[in-house]
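Engineer: Quick one: the structure is below, questions incoming.
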Amino acid sequence: MFLFSDTYNNQPYSLVVVMFTADGAQMRVHRKPNKRAGGPKLKGGPVAGGNSRTTAGDPCVGDSCGELKGENEADRQRLQQMRAWRRDFHTHPELSRNEWQTRKRILTVLNDLDIEVREFADHAGVIGVLQGRTPGPCVVLRADMDALPIREETSVPYRSQHEGVMHACGHDAHMAILLDCVRELSRARSTFSGTVKLVFQPAEEDCPEGGAERMIQDGDLRPPGVSAIFGLHVWPDLPTGCVGVRTGPMMAASDRFIARMVGRSAHASQPHKGCDAVVMAAHAVQTLFSVVSRRFDPFVVMALNIGKINGGERYNVIAREVDFEGAVRTLDEDTRQRMSVMVRQVLESAAGTYAGHCTVEYQFGYPVLCNQEEAVALLVDSARHILGPANVRTRIDPVLASEDFAHYLKYLPGAFFLLGCAQDPTTAPSLHSSQFDLDETCMLLGSKIMTSTALAALNHYSVSAECAPRASD
Ligand SMILES: [Zn+2]
Ligand SMILES: [Zn+2]
């Protein structure tokens, strides 16, 4: 998950303050309360327990959330094993494109289970392949593998042993869940027709490139070989026992721009002999935010942020250069493209006003994550069966975090859902926090939903194929 929480909703004075790391791999967000009444309205209103707007929608029945319905000895053993896997990953986190030991751990489990495995020479991705009793459609389940450049500040006994690296986005839990799915589905092989591919994907946090496109190419995860894909993300804004999903756009496109204002230096006492890049940058930042609020429909959801500014040499010198970086999150392609043009126009124009110039590098990152209706229906049916209907929120508001799972959905029908992982969402540390931890019991539910959805999808797509008219018909 590449995180950017909350919305700049084109309303003046709605402030979003974001801190970037130098490489932009980590962002933490603090939002000043918007006292104006003009913010976006929540669909479904606030949820009992004070959940944030990202989990609004159809409400969760408070007391039943967090219960593990039907927990038995087999479930307890599954959860115990998942805890062990997850804690092992958590203790030994690896950054994007360096997940080699993580891969080794995954391969050990897959080999123990005697699963057919595909691995690759130039990245750490792994695909486990499970063939059912007879040929049929192919369904993919995906987990991501990488950790973040964050120094862990928890006191759990399984905290990171790798200084400055932490599984702060829950990908350790995603891998543990997928390993349990492998085990359950391998036991059920004789009961299904078709193939399930279990994809362990590296470099999800490495926006803008990410790891999904490589897995799609190298694993041939496209039609006609694959019918559908499913994935999940642990979500601390939802209580354990609840999941959230929606059809259509659910997570944002994540783009970034890097700009340099260039002027001419001079003595501070003679500004007319220079060309002040600090003033250009200040003008550009102000103009960007006001232009967004005037040129986009107030109902268009997006987030714009300038997260880093760096420039000038000395207090009494007119600054020659100022560098700055910004982030843009959007939920539709048209707004995304318009923003890229507008940002460039505003920056160049602001520089020109003061007789300077500006270079802009606009990087398109992950696309909008768009869930497909049929796949969501399969997922929701399974989740309702496992969690009870009231604990499956099917109309959550979109979130402005981004995910490179969106790349798979460019090619394949599929659904991505948010798995509640907090005992109390009002106090749970957020994703990408140095204090992040999760309620591990959610892993059992995540695995059950993924496993059940995979089996339902195999059945659904084999029936669809049988019903489809043949070319000769
Ligand atoms: Zn993340
Ligand atoms: Zn993530």
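Laboratory data are not the source of any read-out in this text; all were calculated from the coordinates shown. Computed from a predicted model, the values in this text were never measured in an experiment. Reconstructed Cβ throughout: ideal geometry from the backbone, glycine too, with neighbour counts over all protein chains shown.
Engineer: Kirkwood Rh, Cα Rg: Rg to Rh for the stretch 86-206?
Structural biologist: 1.02
Engineer: Once you have a ≥ b ≥ c as the square roots of the Cα gyration tensor eigenvalues for the stretch 259-323, tell me rounded if a/c is under 1.5, and otherwise prolate or oblate according to whether a/b is larger than b/c.
Structural biologist: The shape class here is prolate.
Engineer: Here is a further query. Rank the residues Arg87, Arg320 as a footprinting-exposure proxy: fewest other Cβ atoms within 10 Å of their Cβ go first.
Structural biologist: Arg87, Arg320
Engineer: Can you sort Phe324, Phe89, Phe436 by how many other beta carbons sit within 10 Å, fewest first?
Structural biologist: Phe324, Phe436, Phe89
Engineer: Something else now. Determine the alpha carbon to alpha carbon distance for each of Lys104/Lys410; Lys104/Lys448; Lys308/Lys448 and list only those over 32 Å.
Structural biologist: Working: Lys104/Lys410 30 Å; Lys104/Lys448 25 Å; Lys308/Lys448 42 Å.
Over 32 Å Cα-Cα: Lys308/Lys448.
Engineer: So which GluC sites (Glu not before Pro) in the stretch 288-354 are both in a DSSP loop and have at most 16 other Cβ atoms within 10 Å of their Cβ?
Structural biologist: Of the GluC sites (Glu not before Pro), the ones in loops of the stretch 288-354 whose Cβ has at most 16 other Cβ atoms within 10 Å are Glu313.
Engineer: Quick one: grab the alpha carbon gyration tensor of the stretch 67-154, order the square roots of its eigenvalues as a ≥ b ≥ c, and give me rounded if a/c is under 1.5, else prolate or oblate depending on whether a/b is larger than b/c.
Structural biologist: Working: a/c = 2.10, a/b = 1.09, b/c = 1.93.
Oblate.
Engineer: Taking a cut-off of 20 Å, what percent of all Cα-Cα pairs in the stretch 342-473 are separated by more than that?
Structural biologist: Here the tail beyond 20 Å accounts for 65 percent of pairs.
Engineer: Can you list, bin by bin at 10 Å, the percent of alpha carbon pairs in the stretch 140-250, starting at 0?
Structural biologist: Here the calculated profile for the stretch 140-250 is 11, 35, 37, 14, 2.
Engineer: Also: Compute log10 of I(q)/I(0) for the stretch 179-234 with the Debye formula, placing one identical point scatterer on every Cα and leaving out solvent, at q = 0.14, 0.21, 0.28 Å⁻¹, to two decimals.
Structural biologist: -0.49, -0.98, -1.25
Engineer: Cα centroids of the stretch 227-268 and the stretch 72-90: how far apart, whole angstrom?
Structural biologist: After rounding, the separation between the Cα centres reads 30 Å.
Engineer: Next question. Taking the Cα atoms of the stretch 251-392 alone, what are Rg (to one decimal) and Dmax (as a whole number) in Å?
Structural biologist: That works out to 21.2, 74 Å for Rg and Dmax.
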